[in-house]
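Notes for the one structure printed next.
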Number of protein chains: 4
Amino acid sequence: MAKKLRIGLLGGGRIGKLHGTNVQNFIPDAEVVILADPFLNEEMEEWAKSIGIERCTKDPADVFAAADVDAVFICSSTDTHADFMMQAAAAGKHIFCEKPIATDIAKIKEALAAVEKAGVKLQVGFVRRFDRSHKAVRDVVASGKLGKPYVVKVCSRDPAGPPMSYVKVSGGIFMDMMIHDFDMVRYLAGSDVTEVSATGTVLTDPGYAEYDDVDTAIVTLKFENGAIGVIDNCRQAPYGYDQRVEVLCEKGAVQDNNHLENEAYISTAETVCSAKPTYFFLERYNDAFVAETKAFVDSCLNGAEIPVGGKDGLEPVRIAKAAKISLKEGRPVKLSEIEA
Amino acid sequence: MAKKLRIGLLGGGRIGKLHGTNVQNFIPDAEVVILADPFLNEEMEEWAKSIGIERCTKDPADVFAAADVDAVFICSSTDTHADFMMQAAAAGKHIFCEKPIATDIAKIKEALAAVEKAGVKLQVGFVRRFDRSHKAVRDVVASGKLGKPYVVKVCSRDPAGPPMSYVKVSGGIFMDMMIHDFDMVRYLAGSDVTEVSATGTVLTDPGYAEYDDVDTAIVTLKFENGAIGVIDNCRQAPYGYDQRVEVLCEKGAVQDNNHLENEAYISTAETVCSAKPTYFFLERYNDAFVAETKAFVDSCLNGAEIPVGGKDGLEPVRIAKAAKISLKEGRPVKLSEIEA
Amino acid sequence: MAKKLRIGLLGGGRIGKLHGTNVQNFIPDAEVVILADPFLNEEMEEWAKSIGIERCTKDPADVFAAADVDAVFICSSTDTHADFMMQAAAAGKHIFCEKPIATDIAKIKEALAAVEKAGVKLQVGFVRRFDRSHKAVRDVVASGKLGKPYVVKVCSRDPAGPPMSYVKVSGGIFMDMMIHDFDMVRYLAGSDVTEVSATGTVLTDPGYAEYDDVDTAIVTLKFENGAIGVIDNCRQAPYGYDQRVEVLCEKGAVQDNNHLENEAYISTAETVCSAKPTYFFLERYNDAFVAETKAFVDSCLNGAEIPVGGKDGLEPVRIAKAAKISLKEGRPVKLSEIEA
Amino acid sequence: MAKKLRIGLLGGGRIGKLHGTNVQNFIPDAEVVILADPFLNEEMEEWAKSIGIERCTKDPADVFAAADVDAVFICSSTDTHADFMMQAAAAGKHIFCEKPIATDIAKIKEALAAVEKAGVKLQVGFVRRFDRSHKAVRDVVASGKLGKPYVVKVCSRDPAGPPMSYVKVSGGIFMDMMIHDFDMVRYLAGSDVTEVSATGTVLTDPGYAEYDDVDTAIVTLKFENGAIGVIDNCRQAPYGYDQRVEVLCEKGAVQDNNHLENEAYISTAETVCSAKPTYFFLERYNDAFVAETKAFVDSCLNGAEIPVGGKDGLEPVRIAKAAKISLKEGRPVKLSEIEA
């Protein structure tokens, strides 16, 4: 292994650029050496050049074939994730893969099997685990100093809904939005989910109904360790990105507040007003994106344990599938009903 | 009607004493003129005397018969509430009744019918509606300035569980504890509940299982106006009485924080620490108990509208019954399944 | 001494009514038996009757002469405090005296000497010491767990200025407003003030200048124990009664936030808004008024130590005088320059 | 002018590296092309190379002579600032200079005159103006929506004192620490200081006294616009970097809270604890360092107004000198007494 981790970036869209920029600016012991994107254009090439990525290609195969690539970042569209994982594994490259690996469970399992067989590292991009506040909550739970977890709660709301073109193909609120929270509750509880029960409705835009989706949902969960939990999502919270987690334990509770745009506040004869929560995931989880990449690079270079592995990629998809069935059939769904 | 509202107090236990003391100390236009309690003893008589209640009796009939009693406060054990309501109604006395009216729906309906026929006023003791913070939340929702309510959330946890002797007869967590929250979500949403789905478990003390009860529960709800909601309860939150409500609306959200014992905080090299939430309902809802009595007295004397009426007494019991069935049968239960 | 402390109330104005009502409603082992006010009128007599004060008189001498009076509450105008203290002492009555004892130091000393000679108890009405948050701050400092105090800060602002008729006779901002803060810093620091340096100006209303007063002032202080401190006052803070204290110590800091009207807050696309601080001293220090009376009664009946004694009445007046000289002469003033 | 601003970095110590790294990573339209440091060593050269600075030299003259340098960042020791400014001005380079320009007023004036004569841009490194919370406070004041400023307060405490070797040469607490706050109050008040009065003492380490310095100080100030203010400093606040500002205005107040390490908090049977403030200036003002550089580059490239100019560099030094005299002589000192 070279002293620096040499990275091949698959996908030069928003999330690819984010990871690429983070690697070049903040990760001294890693560098992006090649970018592959089938839609490569002048703007993308200029961006790559501006941050020191020297090679660009439209063909992903160039990345897998490159002898000087130690690891890949899969930031392409979801439907390509599993195939790229398998190709990377076959080429002996470590893999950082954006979530979800796939929406089809058999496909995920096939990809995970390939990774395991190849013996390469795999990290899945559940970035919220690296947020300093959520992580502080989880660290308290995991330390055991509050005793056993009893109730795990996540409130997660976007500032504004996605375009309907996205809703059409996203797999629905459980697969495209709450999937982060399914990961978060597993992370906080330190336990797998055994049963879910979903409630949902369309409130912000009738368009969701056309695509058989909801925009507002509450899911209750049971965990293997006996805890229970609840997640509430809404695609449109006009005050910004609401991201709060909470764990009630035997000896106390631990939770977090939103991060605000700033800490100033104004007191007048009418009211006391402060700034809003940071606007969306780029603002809130900015530092967390860097932290997850640091962890991956550290793992590849120094053998540190991967913090979000293959099973962590699979389970949220299974929970999302169970939630979808629960909502449709109006009944609690056991995870044992879902292909494992 | 006399200038002062003359009250007959039924029940000299903890909650009876609380209301009696509040009336004598804080409600200038009301006075307790008689106390009836079958377990009347010297201590109770001394307490009555010390706050200026001149007559004491073991026989509730003395209260209903008294010509100088305008209204009764029913603070006796739950199983007597409905009968006392009917006797009071028959005697033409206004009624303040502690919750629940009864755990049997037919009984509640019988009592409500008697009240309606007699044309007396009835207020049910859902005291949390009068808490200054919860009320501020509800007033914002009711004002309509945030648009339609989307998601109603209540977190309600007791600092310590009740004795098992109470659990045995209480009717279970939905009837004895979450019933307050069933009232609260109706109050906040400004709408009736149409469906509930309950999850629950035993975590704090295996004793609950013996009485077919749970100590930790999450209930999701649907409302007539299209909103959805969730309540989480735990009988034991070591940090105190956790009482938080939240409503996400079309144009924003409104919620409240716990009331703390004081506003001091200490910053050291390790952490920044503040006081805990106020310990339990007597500390948190102290002012609210006075406020609900003021509202009742105002209603009796000046014709103001009763803020928590008969239907508000009935509905939470129906929701509790639905939640109990949902938990037992592992399915969502429509309120239309429950006797109305 | 009777089982109940029998109190003679001198003064039936705002503060007299406040203390009288508190005693009757909240202090079970005390009762007001007589009210004296030279301006006694029908309204005052009705108030007295309504809360169970049976005797009213225009002549304070009736109070001192009454055999059934154990203690007096001096709530009359400031210029009468010292004389009433001396008369009460001569009659062997314990004394609760509103602040300040007098604005003339010789007069205060004469009154304190009379109290000492008579051996009666004396408590001065610095009510803020009994506020739950300020007290929590002071208890942390006094516990020593944060080590020695370094910096003591008090921010104290009124929601609106007093009428100019009051400013004319009040003795100025240091004597009528900051005097509370001079007491508070002594209480927090656990030490006497040795030097003050005052800055002040007229910003809210030019009327203050006509009476040789300021409406906005900052005073820095040195303490015997080596700490330093600062107080800032303004007579007009439109957002309400701002009352915050802070002590930086060797091993950490302890401070408090304002008490808000309620704990609700609204999040919208523009901002997050909460309630304002409680409006003024009646709202903020409501509970503290009861607590100080409880402490006094406990001291008279059970020999508990008086929490705010004669020296505590004298020192803030001396500091106020020093601050006044400092502002006028533009120099730090040592307390040793002021009559002790 | 080239499309990118080409920067010569003078000084490769802690603050030089900070600025150099920020320019290379976060300022797309600027680049550091040369580093000069008389103590240039292998480690420094490696650092330069790692972030893409291609030329390194021990001789600052190489920077001023370089045709491809548009602007310099003066990050060398304080005693070289003014001379470097003059050399840069003579060479027609724009100047970003770390604070203070000098501790000698005549020297500062000489340097400012040279800058003005040359017509180059000058920005002084008062980074706190670019902190998102302090800036939000100032923007509210500057907007005028709260009316005129009345009282300006700054609390500024370091987590731990500097080494005594630094104290020996730093110029004292007013020149090395409170100088930031002197800038901040001018920024917040939008007005110049006309008079200061200082109180100070040695509490954390007797070593300060040996160097005629204090470790804890409170300074009150008067402003040209009629406002008054107060700053309190302590070199050792064990809970971290305490940085709070507050402005009371005619129609309300605006203030800020510290930034915390994270937003998690734990509630137990004893207390509710959160994270501490961010540890020191690198943690708290990290983003502000980037923002000030962006502003400078924008000014050089696009003609935007320099946000912290020559007078802003001079005035805090004058105030610091006045504070030093005030502390020594025990009297308020007018700024008119200090060379302008």
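The values are calculated or read from the model by the stated rules, or taken from the named source; none is laboratory data. Just so we're clear, the structure is a prediction, and the values are computed from it rather than from any experiment. Cβ atoms come from the backbone with ideal geometry, glycine included; neighbour counts cover every protein chain shown. The accessibility values were calculated without ligands, DNA or RNA, using every heavy atom of the protein model including side chains. Shrake-Rupley method; radii C 1.70, N 1.55, O 1.52, S 1.80 Å.
Note that the protein assembly as shown presents 37 Å² accessible area per residue, ligands and nucleic acids not counted, probe 1.4 Å. Taking all Cα pairs closer than 8 Å and separated by 6 or more residues, the relative contact order of chain D comes to 19 percent. Enter the angle in degrees (range 0 to 90, nearest 10) between the Cα long axis of helix A:78-90 and the first principal axis of the Cα atoms of chain A, meaning the one along which they spread out most. Roughly 50 degrees between the two axes. Centre-to-centre, using Cα atoms only, the stretch B:112-152 and the stretch A:137-188 are separated by 33 Å. Roughly to the nearest percent, how much of the accessible area of chain B is carbon and sulfur, given a 1.4 Å probe? C and S atoms contribute 50 percent here. A cut-off of 5 Å between modelled amide H atoms, ignoring neighbours fewer than 5 places along the same chain, links residue C:5 with C:30, C:31. Of all DSSP beta bridges confined to chain C, the antiparallel ones make up roughly 55%. How about the stretch B:19-56: which of its residues lose at least 30 Å² of accessible area in the presence of all protein chains relative to their chain isolated, using a 1.4 Å probe? Output list: B:25, B:26.
For residue C:4, the point set 7 Å out from Cα toward Cβ sits 1.6, 8.7, 8.8 nm from its twins in the other copies, listed from shortest up. For trypsin sites (Lys or Arg not before Pro), no site in the stretch A:213-307 is both called loop by DSSP and has at most 12 other Cβ atoms within 10 Å. By how many degrees, between 0 and 90 and to the nearest 10, does the Cα long axis of helix B:132-143 differ from the longest principal axis of chain B? Tilt of helix B:132-143: around 70 degrees. Among the chymotrypsin sites (Phe, Trp or Tyr not before Pro) in the stretch A:31-92, those placed in a DSSP loop whose Cβ has at most 14 other Cβ atoms within 10 Å are A:39.
Above 15 angstrom, tally the Cα pairs of the stretch B:189-264 and express them as a % of all pairs, no decimals. That tail contains 68 percent of the Cα-Cα pairs. Relative to the longest principal axis of the Cα atoms of chain A, the long axis of helix A:14-26 lies at roughly 70 degrees. Applying D = kT/(6 pi eta Rh) to the stretch A:11-107, where Rh is the Kirkwood radius over alpha-carbon pairs, T corresponds to 4 °C and eta to 1.567 mPa s, the Stokes-Einstein value obtained is 95 µm²/s. Summing charges over all other residues whose Cβ lies under 13 Å from the Cβ of residue D:252, with Lys and Arg as +1 and Asp and Glu as -1, gives +1. Of the beta bridges in the stretch C:65-220, as assigned by DSSP with both residues counted there, near 40 percent are antiparallel. A viscosity of 0.890 mPa s and a temperature of 25 °C, combined with the Kirkwood radius over C-alpha pairs in the Stokes-Einstein formula, give chain D a diffusion coefficient of 117 µm²/s. Under a Gaussian network description of chain A, with springs only between Cα atoms under 10 Å, the residue in A:185, A:63, A:137 that fluctuates furthest is A:137. Buried on complex formation within the stretch C:153-179 (loss of at least 20 square angstrom of accessible surface versus the isolated chain, 1.4 Å probe, ligands and nucleic acids ignored): C:153, C:157. Summing Lys and Arg as +1 and Asp and Glu as -1 over all other residues whose Cβ lies under 12 Å from the Cβ of residue D:120 gives a net charge of +1. Inter-copy label distances at residue C:45, shortest first and taken from points set 7 Å along Cα to Cβ: 3.7, 10.2, 10.3 nm. Go ahead and set up a Gaussian network model of chain D, Cα springs under 10 Å, then flag whichever of D:57, D:293, D:271 fluctuates most. Among D:57, D:293, D:271, the largest mean-square fluctuation in the Gaussian network model of chain D belongs to D:271.
Considering the convex hull of the alpha carbon atoms of the stretch A:197-340, report its projected area averaged over all viewing directions, in nm², one decimal. Don't jump to the answer; show the numbers that get you there.
Numbers: hull surface 54.0 nm².
Result: 13.5 nm².
Beta bridges from DSSP with both residues in the protein assembly as shown: antiparallel share about 60 percent, rounded to the nearest 5.
Chain A contacts chain D over a buried accessible area of about 2100 Å², both sides summed; the probe is 1.4 Å and only protein chains count.
The stretch A:51-153: which trypsin sites (Lys or Arg not before Pro) are DSSP loop and have at most 15 other beta-carbon atoms within 10 angstrom?
Sites meeting the loop and neighbour criteria: A:58, A:145.
Using a Gaussian network model of chain B in which every pair of alpha carbons under 10 angstrom is joined by a spring, one finds that among B:273, B:234, B:300 the greatest mean-square fluctuation is at B:273. Net charge in the neighbourhood of residue A:231 (other residues with Cβ under 9 Å of its Cβ; Lys, Arg +1, Asp, Glu -1) is -1. Between the beta carbons of residue C:41 and residue C:116, assuming R0 = 56 Å, the FRET efficiency works out to 0.95 to the nearest 0.05.
What do you get for Rg/Rh of the stretch A:54-124 when both radii come from the Cα atoms and Rh is the Kirkwood radius? Intermediate results must be reported in sequence, preceding the final value.
On the way: Rg = 11.4 Å, Rh = 12.0 Å.
That ratio equals 0.95.
Looking at this model, which pairs from C:109/C:328; B:145/D:222; B:4/C:99 are more than 32 angstrom apart at the alpha-carbon?
Beyond 32 Å: B:145/D:222; B:4/C:99.
Closest approach of a chain B beta carbon to the axis mapping chain B onto chain D (residue, whole Å): B:273, 2. Sorted shortest first, the separations between the residue D:160 label point and its copies elsewhere in the assembly read 4.3, 4.7, 5.2 nm; each point sits 7 Å from Cα along the Cα-to-Cβ line. Coordinate range of the alpha-carbon atoms in the protein assembly as shown per principal axis, descending: 99, 83, 43 Å.
Take each residue in A:128-136, count the other chain C-beta atoms within 10 Å of its C-beta, and the mean is 3. Let me know the whole percent of all Cα-Cα pairs from the stretch B:106-178 that are separated by more than 18 Å. The share of Cα pairs beyond 18 Å in the stretch B:106-178 comes to 65 percent. Note on the protein assembly as shown: with charges restricted to the Cβ of Lys and Arg (+1) and Asp and Glu (-1), its dipole about the Cα centre is near 0 debye.
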